[in-house]
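Report on one structure; see the data block that follows.
All of the numbers you see were taken from the coordinates with simple rules; none came from a lab. Computed from a predicted model, the values in this text were never measured in an experiment. Don't worry about glycine lacking a Cβ; one is built from the backbone with ideal geometry, like all the others, and counts go over all protein chains shown.
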Amino acid sequence: MKAFKWIWVSLMILCLLCPAFSLAEAGEPRFCLPEEVDLSQVQEIDGRLKGEILLPSREGDSGSYRLLVDCPVPQGFSAKQQVRLQVEYQKIEKQQMSEALSSLGQNVSADQMRSSSSGWASRFLYYSSTGADINGSDSYSHPYTGKLCQSLSAGHEAEMAAAKDFARALLEKLGAKASEPFLQALRLTPEDVLSAYSATESSSTWYEEIRQRTEARLSGKDQVTLLRAQYELLDLPVMFQFYYQEGEDSFGESSYLELVMGDDGQLKQLALRSLPVVTAAESYPLPERSWEEWLRLWVANVWWPSSVAQDYEITGDPLYGDYTRYATEETLTAILPCWVGNEKGCLVPGWFTECRCTVLKDGSTCGYSDAYVDALTLTRIF
């Protein structure tokens, strides 16, 4: 098993520990009706939204979920951003990438790359300095795909800044740009790898076992920076997944740059997927919504609990036996305009949201959840 694949196994275990919910039927709100969302405890203070969104009780739920908000007031789209973009995805050839990397001081060979331009959207290029793992399943996994999280590790700020500069410069060579809010640099340290876990989320021994395995696996390996970048068009980030239909079939593709930089300044691995290029734009007027209307629609149509309403006992778990899962709450921490795709060859204005999940009894972070929606309909895409 490749390094860090066990992280995703651990995440799956966590998902199994959460209570299960069934999604609403098509066309129905996922959680409640907009008019059932009570915003009486939410205030706008110095450009930020703060308070608790009071949620209706739901039949069959074991308790009341808590949804807080602490984020900047969402800013509207400019006139130039209220458009539907027609896009194509660049065919990045090995020679083109070799020349771009060489111009940035990297000693690379096209033999260490694998690329594909077979479909209109599935266009990618992978590079590995060793020639191994160039099938896209690299030996390094970025822990927080699509999140806004930044490194908690201290002592390597210069190396992480250099990796960000390298990503910016590489994308510029390719005629593209990175979105700064989504330019993430992390380290192969227990602090970063385990930063979305909480030691106090439950009474089981799973966290301690994961921590010990992580520390043993990463011992002496804090020599690289893992970086992930989302592309930027018209000053807005392009979300990392887009979707489309062909006939009755639905498809999804990824859109991002990911790389691993050694502390010696040498590129270890790189993955570049679906780099969009705008070919045309047409008007796409958006309704003016107050933040109150926006929040009500978002809770009703998009949000779904990833928290635990109250403490509950788990018995007979095959890995950890009997233990308690402690109550958690969520806080909406980011509302950012972006580009989203749910139609072939098109990107439209959307909203990215991120929630942080914390353990009620001590406030420790135990996870993140994100989503993005079409800004016109405020319906969920991812």
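Within 10 Å of each candidate Cβ there may be at most 14 other Cβ atoms; applying that plus a DSSP loop requirement, which GluC sites (Glu not before Pro) in the range 260-313 survive?
Counting only loop positions with at most 14 other Cβ atoms within 10 Å, the GluC sites (Glu not before Pro) in the range 260-313 are GLU288.
What dipole magnitude, in Debye to the nearest 20, does the range 141-299 give about its Cα centre under +1 on Lys/Arg Cβ and -1 on Asp/Glu Cβ?
360
Obtain the radius of gyration and the Kirkwood radius of the chain from its C-alpha atoms and give Rg over Rh.
0.97
Show me, bin by bin at 5 Å from 0, the whole-percent P(r) of the range 171-210 based on Cα pairs.
It works out to 5, 16, 17, 14, 11, 10, 10, 6, 6, 3, 0, in whole percents.
What's the magnitude of the charge dipole for the chain around its Cα centre, counting Lys and Arg as +1 and Asp and Glu as -1 at the beta-carbon? Answer in Debye, nearest 20.
In total the dipole reaches around 1040 debye.
Strictly greater than 18 Å: what percent of every Cα pair in the range 295-357 meets that?
Counting every Cα pair in the range 295-357, those more than 18 Å apart make up 58 percent.
Mind ordering 78-90, 117-129 by average Cβ neighbours within 10 Å, highest first?
Per-residue mean Cβ counts within 10 Å order the peptides as 117-129, 78-90.
Could you check the spin-label model distance between GLN41 and GLN96? Points 7 Å from the Cα along Cα→Cβ, value in nm.
Going by the 7 Å Cα→Cβ label model, 5.3 nm.
Beyond a 30 Å Cα-Cα separation, which of these cross-linked pairs lie in this structure: LYS164/LYS221; LYS50/LYS173; LYS91/LYS268; LYS268/LYS361?
LYS50/LYS173; LYS268/LYS361
Gap in Å between the Cα centre of the range 160-231 and the Cα centre of the range 256-308?
18
State the extension gain, in nm to one decimal, for the chain segment bounded by GLU172 and TRP291, taking 0.36 nm per residue of separation less the distance between their alpha-carbons.
That pair, GLU172 and TRP291, stretches by 39.3 nm at full extension.
Give the residue list of GluC sites (Glu not before Pro) in the range 170-278 that are DSSP loop and have at most 10 other beta-carbon atoms within 10 angstrom.
GLU248
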